[in-house]
Amino acid sequence: MTSKPVLLIKFLLLISVASVILNMKRRVLALLLSIAWLACKAPKKTSVESITIDPYQFNIQKKILCENGAVVSAHPLASKIGVEILKKGGNAIDAAIATQLALAVVYPQAGNLGGGGFMVARLANGKLLALDYREIAPLHADRDMYLDEKGNVQPGKSVNGHLASGVPGTVAGLFASSKYGKLSFKTLIQPAINMAEKGFALTEREAQSLNNIQNELRTYNKVMPVFVKETWKAGDTLIQTDLANTLKRIRDLGEKGFYEGETARLMIEEMQRGGGIITPQDLKDYQAKYREPHVFDYKGYEIVGMPMPSSGGLLLHQMMKMIEDKNIATMGFETPASVQLMAEVERRAFADRAEYLGDADFYKVPAKILVSPGYLQQRMKDYVAGVAGSSKMIRPGEIQKESEQTTHLSVIDKEGNAVAVTTTLNDSYGSKTVVAGAGFFLNDEMDDFSAKPGTPNLYGAIGGEANAIAPGKRMLSSMTPTIVLKNNKPYLVLGTPGGTTIPTSVFQTLVDILEFKMGVEDAVYKPKFHHQWLPDTLDIEYGFPENVGTALQQMGYAIRQRGEIGRTEVIKILPDGKFESVADNRGDDDAEGW
Ligand code: DON
């Protein structure tokens, strides 16, 4: 298909030639040019009447089999709004936008306006998209900004409060993705405005989660936000008037309703109140970026992931390729042999992450080498079945240098557009600072940078030069929104939150489905495990089979039991074209469809 800009250029050329040949009058020429311009402008988006759902009474649904479209997200109200948008004629991109905006209201611990994210999509026409709306380090940031005078990292500074925030990218990302949607932004944002203005009922989990952060809210805010209350309980109505007003400014003024004017003024005032460094220039300059998706083949499946500044696509690629020739299917699901193999490839991938990965706009990431077959074979040379490797011995690969809160949603529509979006504030409720008067939490994404080489961040991840802080740079992410194609058609749409456990959870879910031929529910619900090189421990989720844990311990692994790993949301497209959509049971996550 010829794109509109190309058509426009051809048309203008034609008119110019004609004008010379025919010696056309200036006024006629101007008229023709205006007609051409108008004809080639982006098609007008459709507005539909506001959708209605009951935000006070709703159920949580974990699975649905449907044929016209599906949305799986962290909150039932957000999934329901997404599906309503599909029913009104929106496509999967529209539904993903409306779902994210709804999450910004009903899921304040991770849904956001003050954070950032990534979208991986495969459009019905076959086009692959990777949209980066990751936060960036403010222009006044510097590589040592979290160190004290002795050069030690000051605990908490990159995690809580104003200095922890990168410049938010979400709003720019939503507008950049809406280019591929069909409905007007006004239509997509209105349900979120309604829920912020009139309120919605808190679930048990949300009430508990808000109760857990009351002290932090009081510590990191000078103006107390609406989230501060003696005790929240299930069924309480949360009304967010300031947030509703911010959303209305975005509805009425577009991106400028966030990055400039009143909302920007409120953000800057908040920065000044708490010693933050984001300036009006930072906000004005922020841009979401379309990038080349990270695509690779695994036994005939085409796996589409996010490139830098997410480590997700590359790590998944490395891990899948390191097991590809090992016949893991014969080892069986969650046996000592298969878990050991997977833990060892996780260890190796994460060692490379620490050394080589960072924002590729700032650091020459040797991506091609890190996924080349020869290199990956070399990485597995010292793998011994049945014996734990050691992170002291297994270092980042030798290469020739060329000089916990996030949320995922999976969406599909009947035309075959598939969208995987993971967005984040980083920690639960981000920096815990709410922009006074604007009603949204700011992220603490600066902690995803390496504050000092070798010093672990919130998720225990370490890094160095590649992921050092620099003004305008994007911090390295683990988010892994992923689409798997089979016979060049969407087959799986998946992703999860969970910090550094994200790539390993997506890896395990894919191995479970593609290799162990497990059903989607089992692949999502069964206990997961995680190795990230350093610390040299194998984390197992509660419920992980005890005998397998013991066998792994005997092989030499330091086993660490831990709470829930991720919240994986999967849509599988069945051979008859139906969508099997499964929401994780580790939270209020919900699958809707029609
Ligand atoms: O981008 C990243 O990798 C992290 N900021 C993600 C944080 C996360 O998943 C927390 N959720 N549980």
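The values are calculated or read from the model by the stated rules, or taken from the named source; none is laboratory data. These numbers come from a predicted model, not from an experiment. Virtual Cβ from ideal backbone geometry, glycine too; neighbours counted across all protein chains shown. Side chains included, ligands, DNA and RNA excluded: accessible areas come from the protein's heavy atoms. Shrake-Rupley method; radii C 1.70, N 1.55, O 1.52, S 1.80 Å.
Which percent of the accessible heavy-atom area of the stretch 325-376 goes to carbon and sulfur, probe 1.4 angstrom?
58
State whether the stretch 436-558 is rounded, prolate or oblate according to the following rule on the C-alpha gyration tensor (a ≥ b ≥ c being the square roots of its eigenvalues): a/c under 1.5 gives rounded; otherwise a/b larger than b/c gives prolate, and the remaining case gives oblate.
Here the stretch 436-558 falls in the oblate category.
Based on the Cβ-Cβ distance from R218 to N68, what FRET efficiency comes out when R0 is 56 Å, to the nearest 0.05?
With R0 = 56 Å, the Cβ-Cβ based efficiency is 0.75.
Working only with C-alpha atoms, what are the Rg and Dmax values of the chain, expressed in angstrom?
Answer for the chain, Rg first and Dmax second: 24.2, 89 Å.
By its C-alpha gyration tensor, with a ≥ b ≥ c as the square roots of the eigenvalues, how is the stretch 312-448 shaped: rounded for a/c under 1.5, else prolate for a/b larger than b/c, else oblate?
Verdict is prolate for the stretch 312-448.
Rounded to the nearest 0.05, what FRET efficiency do D297 and Q154 give with R0 = 35 Å and r taken as the Cβ-Cβ distance? Could you check? Each step should come with its number before you reach the end.
Working: r = 45 Å, r/R0 = 1.29.
According to the calculation, E is roughly 0.20.
Please identify the trypsin sites (Lys or Arg not before Pro) of the stretch 128-208 that satisfy two criteria: DSSP loop assignment and at most 12 other Cβ atoms within 10 Å. Which are they?
Passing sites in the stretch 128-208 are K150, K179.
Kindly flag which residue pairs out of K179/K489; K63/K489; K157/K432 have an alpha-carbon separation exceeding 18 Å in this structure. Each step should come with its number before you reach the end.
Details: K179/K489 22 Å; K63/K489 22 Å; K157/K432 12 Å.
Pairs exceeding the cut-off: K179/K489; K63/K489.
Expressed as a whole percentage, what fraction of the accessible surface of the stretch 84-129 belongs to carbon and sulfur atoms when a 1.4 Å probe is rolled over the protein heavy atoms? Before the final figure, lay out the partial values.
Values: 290 of 740 Å².
Carbon and sulfur together cover 39 percent of it.
Using 0.36 nm per residue of separation minus the Cα-Cα distance, give me the extension gain between V228 and D54 in nm, one decimal.
60.2 nm
At 0.36 nm per residue, and after removing the present C-alpha to C-alpha distance, how many nm does the segment from K381 to E262 gain when stretched out fully?
My answer for the length gained is 37.0 nm.
Go through the stretch 373-388 residue by residue and turn each phi into a ³J(HN,Hα) via Karplus (6.51, -1.76, 1.60, θ = phi - 60°); whole Hz please, and just put x for glycine and proline.
x, x, 5, 5, 5, 4, 4, 8, 4, 9, 6, 10, 4, x, 10, 5
Using a/c under 1.5 as the rounded threshold, could you call the stretch 151-278 rounded, prolate or oblate? The axes a ≥ b ≥ c are square roots of the C-alpha gyration tensor eigenvalues, and prolate needs a/b larger than b/c, oblate otherwise.
Verdict is oblate for the stretch 151-278.
Give me the one-decimal Kirkwood hydrodynamic radius in Å for the stretch 52-122, with the sum taken over alpha-carbon pairs.
Result for the stretch 52-122, one decimal place: 12.7 Å.
Per the 1.4 Å probe, what fraction of the accessible area of the stretch 506-593, in percent, lies on carbon and sulfur atoms?
46
Quick one: accessible area per residue over the chain, 1.4 Å probe, rounded to a whole number of Å²?
Numbers: 23200 Å² over 594 residues.
I get 39 Å² per residue for the chain.
In the stretch 45-93, what GluC sites (Glu not before Pro) fall in a loop by DSSP, with at most 10 other Cβ atoms inside 10 Å? Mind dumping the intermediate values first?
Numbers: sites: E49, E67, E84; in loops: E49, E67.
Within the stretch 45-93, the qualifying GluC sites (Glu not before Pro) (loop, at most 10 other Cβ atoms within 10 Å) are E49.
What 222 nm value per residue comes from the helices of the chain, counting each DSSP H run with n ≥ 4 as -39,500 (n - 2.57) and dividing by all residues, nearest 500 deg cm²/dmol?
-10500 deg cm²/dmol
If packing is taken as the mean number of other Cβ atoms within 10 Å per residue, what is the order of 95-102, 338-345, 484-491, 119-126, highest first?
Values: 95-102: 31.0, 338-345: 24.8, 484-491: 16.6, 119-126: 20.1.
By packing density, highest mean first, the sequence is 95-102, 338-345, 119-126, 484-491.
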